[in-house]
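Down below is the structure, laid out as structure tokens.
The values are calculated or read from the model by the stated rules, or taken from the named source; none is laboratory data. Please read all numbers here as calculations on a predicted model, not as lab measurements. A quick note on method: Cβ atoms are made from the backbone with ideal geometry, for glycine too, and the neighbour counts reach across all protein chains shown. Side chains are part of the model used for accessible areas, which takes the heavy atoms of the whole protein and leaves out ligands, DNA and RNA. Shrake-Rupley method; radii C 1.70, N 1.55, O 1.52, S 1.80 Å.
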Amino acid sequence: MANETNKLEWPLWEVFIRSKAGLDHKHAGSLHAADAQMAIENARDVYTRRMEGISIWVVESKNIFASDPKEAESLYDPANDKIYRHPTFYNLPDEVKYM
Amino acid sequence: MVDAIHGDFEQKIANDITIEPRDTMPDDYRKTLIRQISQHAHSEIVGMLPEGNWVTRAPSLRRKAVLLAKIQDEGGHGLYLYSAAETLGVTRDELLDQLHSGKAKYSSIFNYPSLTWADMGAIGWLVDGAAIMNQVPLCRASYGPYARAMVRICKEESFHQRQGFEIMHVLAKGTEVQKKMAQDALNRWWWPALMMFGPHDSDSTNTEQSMKWRIKRISNDDLRRKFVDVTVEQTKVLGLTVPDKDLMWNAETGHYDFGAINWAEFWNVVKGNGPCNKQRLEARKAAWQKGEWVREAAMAHAEKRKARKEALVAA
């Protein structure tokens, strides 16, 4: 539902933040910015005012491709009947204390 | 149990499974969310105005730094909420147009003037206090982006209420004049704060459907009663008096009974006739219009920088 009359609206960016060393970047939210550099600066002001991050990624929202929730059934179907991929599928003799 | 992936909308709602932007949802659910979330976002950014009035006159550097941090938070909260609304297929500019044209509403409380420094205390303590009471249950709202924005907002907002109470406490324990100023602020903000919870449940047109959709979890009257119970106790600590002669502890219900709210005043302010409606809207529109060249220049600058970079790669 993009509004053609609002050509001046800055592009939308998705913001990902690494909260501390050793952790993944996690989606924090989104914001508008003219370019990537401004998106990072705005993300700093908006999402890390209380030291919530040590690293920021920004991606223009239009470049994110997402799976379709309507296709979820067929998309995840191949994983549904393969419980042997989980360790709990296997019976071990009681004598084995740790594995 | 309904599978998180396969359940349809109604089943997801019934099983407390969060609805996400690309999930199918009824049009009315989408419309209700856009209205509620954007109204909330507008309230955040209009809410910066009464406080902006006191930044240059804060009584100390500490108070000024705190007030600025609070106002900056509110700008951020507006942004989180606008972003959540945008996931429903509306643009930021459309939302701002609705605010500027008067089509969209914001919380009526911000149409009251902030006359003295004690108002900064009363706003933080009562207005943010009431807002937090409203917002905590919204952290469990059925729409994911809204709920996640609310979690972030609630986390940041608890300092807002505390700093307000601290201002009130210092004034209430100060000189006679200071105490009088604190009492005056309480007198003026008490009833508008109670109105923030919205019309009585029996008169609230949106409540029933919103509760069914699990956007809203607790009714207006229940939240208001909870606010009164908690806040009256805090008033005692301040040594101030709640401006309600009908306020009385009811041992039977375990809650305070309180006087009738002036709903004529409430609707009058909602309709645009409060003391500051015009001033607030003018300030927002002026900020938008005066910022237009900045928005354009930033875009032009970004395009120029991009072109320069591309030319460098091509060379």
Worksheet item: Across the residues of A:59-68, average count of Cβ atoms on other protein chains within 10 Å?
Response: 1
Worksheet item: Size of the dipole of the protein assembly as shown about the Cα centre, Lys and Arg at +1 and Asp and Glu at -1 on the beta carbon, nothing else charged, in debye to 20?
Response: 1580 debye
Worksheet item: In terms of the ratio Rg/(2.2 N^0.38 Å) built on C-alpha atoms, what value belongs to chain B?
Response: 1.11
Response to the item:
Going through B:Lys173/B:Lys236; B:Lys31/B:Lys70; B:Lys31/B:Lys105 one by one, the pairs whose alpha carbons sit over 19 Å apart turn out to be B:Lys31/B:Lys70
Item to complete: For A:Gly29, list long-range residues whose amide hydrogen, built 1.01 Å from N in the peptide plane, is under 5 Å from its own amide hydrogen.
Response: A:Val15
Worksheet entry | Average accessible area per residue (Å²) across chain B - probe 1.4 Å, nucleic acids and ligands excluded | 49 Å²
Worksheet item: At each listed q (0.12, 0.19, 0.20 Å⁻¹), what is the log10 of I(q)/I(0) that the Debye formula gives for region B:183-265 modelled as equal alpha-carbon point scatterers?
Response: -0.40, -0.91, -0.98
Discussion item. Using the Kirkwood radius over C-alpha pairs as Rh, can you work out the diffusion coefficient of region B:242-315 via Stokes-Einstein at 25 °C, viscosity 0.890 mPa s, in µm² per second?
Written reply: 135 µm²/s
Worksheet item: Rounded to a whole number, what is D in µm²/s for the protein assembly as shown from Stokes-Einstein with the Kirkwood radius over alpha-carbon pairs (25 °C, 0.890 mPa s)?
Response: 102 µm²/s
Worksheet entry | chymotrypsin sites (Phe, Trp or Tyr not before Pro) lying in DSSP loop within region B:22-102, provided at most 11 other Cβ fall within 10 Å | none
Practice prompt. Let me have the relative contact order for region A:2-89, percent, based on Cα pairs under 8 Å that are six or more residues apart.
Written response: 29 percent
Worksheet, complete the sentence: Carbon and sulfur atoms account, in whole percent of the 1.4 Å probe accessible area of the protein assembly as shown, for 57 percent
Discussion item. Could you tell me how far the Cα centroid of region B:240-315 sits from the Cα centroid of region A:36-52, in Å?
Written reply: 22 Å
Discussion item. Before we go on, tell me the buried accessible area for the A/B pair, both chains summed, 1.4 Å probe, in Å² to the nearest 100.
Written reply: 2500 Å²
Worksheet item: Does anyone have the angle between helix A:36-47 and the longest principal axis of chain A? Alpha-carbon axes, 0 to 90°, nearest 10?
Response: 70 degrees
Worksheet item: Looking at region B:192-258, which GluC sites (Glu not before Pro) are in a loop (DSSP not H, G, I, E or B) and have at most 10 other Cβ atoms within 10 Å?
Response: B:Glu252
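Kirkwood Rh, region A:2-89, all Cα pairs: how many Å?
15.9 Å
For chain B, return all DSSP H helices satisfying: extent of Cα atoms along own axis at least 15 Å; mean Kyte-Doolittle hydropathy at least -0.5.
Working: long enough: B:27-46 (28 Å, -0.86); B:61-86 (37 Å, -0.14); B:144-172 (42 Å, -0.25); B:176-195 (30 Å, -0.66); B:220-238 (27 Å, -0.63); B:277-290 (20 Å, -1.89); B:292-314 (33 Å, -0.72).
Within chain B the helices that satisfy the rule are B:61-86, B:144-172.
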Item to complete: Could you go through region B:12-25 in sequence order and give the Karplus-derived ³J(HN,Hα) for each residue, using 6.51 cos²θ - 1.76 cosθ + 1.60 with θ = phi - 60°, rounded to whole Hz, and x for Gly and Pro?
Response: 4, 4, 4, 9, 6, 9, 4, 8, 10, x, 8, 6, 6, 8
Discussion item. I want the antiparallel fraction of DSSP beta bridges within the protein assembly as shown, as a percent rounded to 5.
Written reply: 95 percent
Fill in: Calculated on alpha-carbon atoms, Rg and Dmax of region B:6-135 in Å
17.7, 58
Worksheet entry | trypsin sites (Lys or Arg not before Pro) within region B:1-73, DSSP loop, no more than 15 other Cβ atoms inside 10 Å | B:Arg22
